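Remarks on the structure that follows.
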Amino acid sequence: MKETILTVRNLKTWFPLRSGILQRISGYLKAVDDVSFDVMEGETLGLVGESGAGKTTVANTLLRLVPHHDGEAYFKDTEIFSAKGRDLRNLRRSMQIIFQDPYASLDPRQTVMSMLMEVLRTHGIVSDKSKARENALELLNKVGLSEEHLFRYPHEFSGGQRQRIAVARALALDPVFMFLDEPTSFLDVSVQASALNLLKDLQADRRLTYVFISHNLSVVRYMSDRIAVMYLGKVVEIADKKVIYVAPEHPYSYFLMAAIPVPDPTYHRKEVLLTGDIPSPVNAPSGCRFRTRCPFATDRCASEEPPLTEIRAGHWVACHYVGSLDFEKIGVGIAGSAA
Amino acid sequence: MIEREVLLKIEDLYLNFHTYRGEVKALNGVDLAIYRGEVLSLVGESGCGKSTVAHAILRLLPENAYILGGRIIFRGEDLLKKSGDEIRKIRAKEIATIFQDPMTYLNPVLTAGTQLREVFDLNEDFLKQEAIRSLKDPGRKPDYEEYLTSHTSDETAQGVKVSNRDLKATAERLSRDFLTLTQLPDTERIMTQYPHELSGGMRQRVMIAMALARRPYLLMADEITSALDVTVQAQILQFLKALRDKTDAAILFITHDLSVAAELSDRIAVMYGGSAVEVAPTAKLFERPLHPYTQLLQRSIPDVRKAEKRLDSIPGFVPDMISPPPGCRFHPRCPHAGEKCHQEKPPMVEVEKGRFVACYKYEAEAS
């Protein structure tokens, strides 16, 4: 049995909306609203959903980059939101993030060497300069770059190389846990595969745990062990990837899987019926948040919010009518089940 | 098979951008033909020149762009030789474009309806023809088949006088018709809304409606689904597929995503480093890609149906277009590169009917 490394319970990240001359809080943008999940040691949990679902906010909140509103989260035995001093420092070392945009996440005025040195020094890992250089070089080699790149500035690198530098910087602290926030969506297709393979190899090498955030469902399936599907600040379904891509139970997951484009002209997708766009999280629909786009929605969905329930071991779904929905009837097919 | 009519032909197009860092050799001898009524996808990575091709066709190039050579023949005439007025007419009626980010192309201070109606100011003959028809038959239903297959207007309408009020009412009706055509719900309300009030998918549909309302011979769509969420992308793709069967306009679909291209196109042109390296019917391209770049690309994109297989990665990085590699621009990353590839750019050859590839590997096969 694998150990749980991260436990998130009832996490809420609400951004206050202010109005009037006194700037009183007039409401909240509920970016993440009552989210609970666990991450097991050594696994990759894929976090998927469309823009505005709250995937990135979950990562940013758990790293304490944005303030949380309510709920708790444990990294091993440390409560994340109340951690102080040494505990917090340790947390920051153990949990790292790779951001989406490698053009924004690297300081343009620092060479690769000084970027890596800064990290190593701040956390007091190495104080001696020659030792630090050795360390930095080793990190660069791990991500497929070499000594000649050590004294260059970010603008001298391509997007794929920059993302490798970001990975090296994150690895400098020898973390056990990494959030990968759309790490390849800024990369070209031809370098995407090598970046994904690098992340996979590093994980195997260093026993890393990943939370992989992406809107590209084919990439998520390639990278992850389990998948959590988010919609408008809520987790609507969590399951093993072998289950969720083949037989999703939540209607939203189903439509999401049905919409994945397949690189094969002989594959004929059945009709996609999901209409409309994701509503604004400022005034989210009452009850089940997906009900405004759901073809199965009833009055009950508007009045009562479905809780995330475990329908079988490891498969959690938030839908009143789970199990009784006939997806075949509405004529949607999913590509994942063709495998 | 009937010989299909070539609508647009690009011949040996070379284009540079002048920058302070040096000459960006963006297009390096592009050869491409688009046939009437087909969907041709232009697939490639950023910097391969696919958007530059679209901009060159419409002559919407920035000031620092220089065309060094080549021709763009559209309906028998070279677009590069057209005057400013002539090219503006072509943009208004004959070639319509939809771009990736509709927010930068829609006017933020005008409603969607106003912007749609403006299209008909540029297309007076069509507006007049429709006005006369609706005067004759007040209960007239929109004739979508004609909207999508005819590109010219009835000449007999030209001498007839129509009041401004009737023209206005007709523009209003046509705007609504074209919006309805893009399967937008609640068109009445959307007509009165400003771009910021619409979602990404809705804005893109308004752009599509504006493009179709021009009744173009050629519709160019530049990464129009890339900024959209998957479920909305699927809706737009589904709509475009339906449109493909109804219209006889050619569609040039530009994308970096092979999966999206697979779904929609009749033929695919793969671009790398400023020129087309392989052009083939979609099914054949996926069945047996010929160019080493296409082969590697196909094996490096994750397919949701085969998730367990380790992806092959293409070594190296996308070339710097200021000092691109000599000869074949793919040779530094190519597993088959030989002596000749370092020196001379391989010409595009037809290896079998309708299949073109620019690679010395196939030199012997070409007839």
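Results, tabulated for the structure shown:
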quantity: Matching residues in segment B:198-217 - criterion: being within 15 Å of B:Pro108 (Cα to Cα) and within 14 Å of chain A (Cβ to nearest Cβ); calculated: B:Leu198, B:Ser199, B:Gly200, B:Met202, B:Arg203, B:Gln204, B:Val206
quantity: Inter-residue pairs, beta-carbon under 6 Å, first more than 27 Å from A:Ala193 (Cα to Cα) and in segment A:125-151, second modelled with pLDDT of 85 or more, 6+ apart; calculated: A:Val126/A:Leu120; A:Val126/A:Asn135; A:Ala132/A:Met117; A:Ala132/A:Leu120
quantity: Meets criteria (part of a loop (DSSP other than H, G, I, E, B), more than 14 Å from every other protein chain (Cβ to nearest Cβ) and more than 25 Å from B:Gln233 (Cα to Cα)) for A:Asp205; calculated: no
quantity: Helices (runs of 4 or more DSSP H) lying entirely in segment B:260-367 (those with 1 or more residues that are in the same structural domain as B:Ile236 (by TED's automatic domain parsing) and hydrophobic (A, V, I, L, M, F, W, C)); calculated: B:282-287, B:292-300
quantity: Test: residue in segment B:160-169 that is outside any helix (DSSP H, G or I) and not aliphatic (A, V, I, L, M); calculated: yes
quantity: Strands (runs of 3 or more DSSP E) enclosed by segment A:24-140 - at least 1 residues per element that are within 15 Å of the chain's Cα centre (by Cα) and of a type outside the set (Asp, Glu); calculated: A:24-40, A:44-48, A:95-98
quantity: Hits in segment B:316-339 (condition: surrounded by 19 or more Cβ atoms within 10 Å (Cβ to Cβ) and either within 25 Å of A:Met223 (Cβ to Cβ) or within 8 Å of chain A (Cβ to nearest Cβ) (or both)); calculated: B:Val318, B:Arg333
quantity: Entirely in segment A:238-305, the helices (runs of 4 or more DSSP H) that have 3 or more residues that are within 13 Å of chain B (Cβ to nearest Cβ); calculated: A:241-244, A:251-258
quantity: Any hit, segment A:169-183, residues being in a helix (DSSP H, G or I), basic (Lys, Arg) and in contact (Cβ under 8 Å) with a residue 40 or more places away in the chain; calculated: yes
quantity: Search result, residues across segment B:261-281 that are in contact (Cβ under 8 Å) with a residue 40 or more places away in the chain, within 24 Å of B:Ala227 (Cα to Cα) and either surrounded by fewer than 21 Cβ atoms within 10 Å (Cβ to Cβ) or not polar (S, T, N, Q) (or both); calculated: B:Ala261, B:Leu264, B:Asp266, B:Arg267, B:Ile268, B:Ala269, B:Val270, B:Met271, B:Tyr272, B:Gly273, B:Gly274
quantity: Which listed residue is at pLDDT 90 or above and under 25 Å from A:Arg109 (Cβ atoms), from A:Ala136, A:Ala228, A:Ala204, A:Ala166; calculated: A:Ala166
quantity: Given (1) more than 18 Å from B:Lys50 (Cα to Cα); (2) touching a helix residue (DSSP H, G or I) at 6+ places or on another chain (Cβ under 9 Å); (3) within 13 Å of chain A (Cβ to nearest Cβ), number of the condition B:Ala280 does not satisfy; calculated: (1)
quantity: Restricting segment B:198-230 to residues that are at pLDDT below 90 and among the hydroxyl-bearing types (Ser, Thr, Tyr), the residue that is farthest from the chain's Cα centre (by Cα); calculated: B:Ser199
quantity: Subset of segment A:83-120 [touching a helix residue (DSSP H, G or I) at 6+ places or on another chain (Cβ under 7 Å) and more than 22 Å from A:Thr56 (Cα to Cα)]; calculated: A:Pro108, A:Val112, A:Met113, A:Met115, A:Leu116, A:Met117, A:Val119, A:Leu120
quantity: Residues (part of a helix (DSSP H, G or I) and in contact (Cβ under 8 Å) with a residue 12 or more places away in the chain) located in segment A:153-168; calculated: A:Pro154, A:His155, A:Gly159, A:Gly160, A:Gln161, A:Arg162, A:Gln163, A:Arg164, A:Ile165, A:Ala166, A:Val167, A:Ala168
quantity: Top-ranked residue of segment B:177-197 - restricted to ones that are under 25 Å from B:Ala250 (Cα atoms) and at pLDDT below 85, ranked as nearest to the other protein chains (Cβ to nearest Cβ); calculated: B:Gln183
quantity: Matching residues in segment B:111-152 - criterion: being outside any helix (DSSP H, G or I) and either closer than 14 Å to B:Ala171 by Cβ or in contact with a Pro (Cβ under 6 Å, 6 or more places away or on another chain) (or both); calculated: B:Thr111, B:Leu122, B:Asn123, B:Pro142
quantity: Condition check for B:Ser313: surrounded by fewer than 20 Cβ atoms within 10 Å (Cβ to Cβ), within 9 Å of another protein chain (Cβ to nearest Cβ) and among the hydroxyl-bearing types (Ser, Thr, Tyr); calculated: yes
quantity: Lone unmet requirement of (1) part of a helix (DSSP H, G or I); (2) away from every other protein chain (no Cβ under 14 Å); (3) under 20 Å from B:Phe99 (Cβ atoms); (4) of a type in the set (A, V, I, L, M, F, W, C) for B:Leu174; calculated: (3)
quantity: Residues being outside any strand (DSSP E or B) and crowded, with 23+ Cβ neighbours inside 10 Å - total across segment B:213-227; calculated: 5
quantity: Given (1) modelled with pLDDT under 90; (2) in contact with a strand residue (DSSP E or B) (Cβ under 7 Å, 6 or more places away or on another chain), index of the condition B:Ile268 fails; calculated: (1)
quantity: Scope segment A:61-72; condition more than 13 Å from A:Arg9 (Cα to Cα) and crowded, with 19+ Cβ neighbours inside 10 Å; matching residues; calculated: none
quantity: Set B:Val53, B:Val6: member being β-branched (Val, Ile, Thr), touching a residue at least 12 places away in the same chain (Cβ under 8 Å) and closer than 29 Å to B:Leu296 by Cβ; calculated: B:Val53
quantity: Residue check for B:Glu308: without any contact (Cβ under 8 Å) to a residue 24 or more places away in the chain, touching a strand residue (DSSP E or B) at 6+ places or on another chain (Cβ under 9 Å) and among the charged types (D, E, K, R); calculated: no
quantity: Complete set of residues in segment A:144-201 that are away from chain B (no Cβ under 11 Å) and of a type in the set (Gly, Ala, Ser); calculated: A:Ser146, A:Ala166, A:Ala168, A:Ala170, A:Ala172
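The values are calculated or read from the model by the stated rules, or taken from the named source; none is laboratory data. Computed from a predicted structure; not experimentally measured. Methodologically, a virtual Cβ is constructed for each residue, glycine included, from the backbone with ideal geometry; neighbour enumeration extends over all protein chains shown.
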